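See below for the structure under consideration.
The values are calculated or read from the model by the stated rules, or taken from the named source; none is laboratory data. Remember, it's a predicted structure, so these values are computed and weren't measured experimentally. With ideal geometry, Cβ positions are generated from the backbone for all residues, glycine too; neighbour counts draw on all protein chains shown.
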């Protein structure tokens, strides 16, 4: 939307009873029309806008009033667009101040690494256990303790830590 042109656009914005604004764009210049409509599509998220083809209007939710304000301002700057309709409702709405209810998990600290003796005990093995037995014990305990299969998360972490310590013995 670069370069000013003579008044080629008319934007009509009216407020409806269903918490939406009706936006109608008329233009003499087809290129300017498509530029402005594409800018509207880029600025207003799809879930806050719909197009009514029979009435030839865009229905913009009130939650998107701040996007609408930015879009109209840009159209006025780029094309000297005239805005018709009641400017009151859509200019008064502020950007919603949504508070996120999501609390980030606490930062993870370094995982405690068990000693070799503790690792063998966690896998229910003796220190003389060969590599294939270590691997088999890990797999069985992982099946039993996996949280996706009803197991305990803490027990699974303990089994994983123990196996990480004893991985070196698998090749031997």
- Query: Is the range 43-50 home to any residue that is touching a residue at least 40 places away in the same chain (Cβ under 8 Å) and surrounded by fewer than 16 Cβ atoms within 10 Å (Cβ to Cβ)?
  - Reply: no
- Task: Within the range 64-114, count every residue that is outside any loop (DSSP other than H, G, I, E, B) and at pLDDT 65 or above.
- Result: 20
- Any pair with Cβ under 9 angstrom, 6 or more apart, that starts in the range 69-97 at a residue that is in the same structural domain as residue 21 (by TED's automatic domain parsing) and ends at one that is modelled with pLDDT under 65 and buried (at least 18 other Cβ atoms within 10 Å of the Cβ): 69/90; 72/90
- Please state which one of 117, 121 is at pLDDT 90 or above and surrounded by 14 or more Cβ atoms within 10 Å (Cβ to Cβ). 121
- Every residue from the range 71-88 that is loosely packed, with under 14 Cβ neighbours inside 10 Å and out of contact with any strand residue (DSSP E or B) (no Cβ under 7 Å at 6 or more places or on another chain): 73, 77, 80, 87, 88
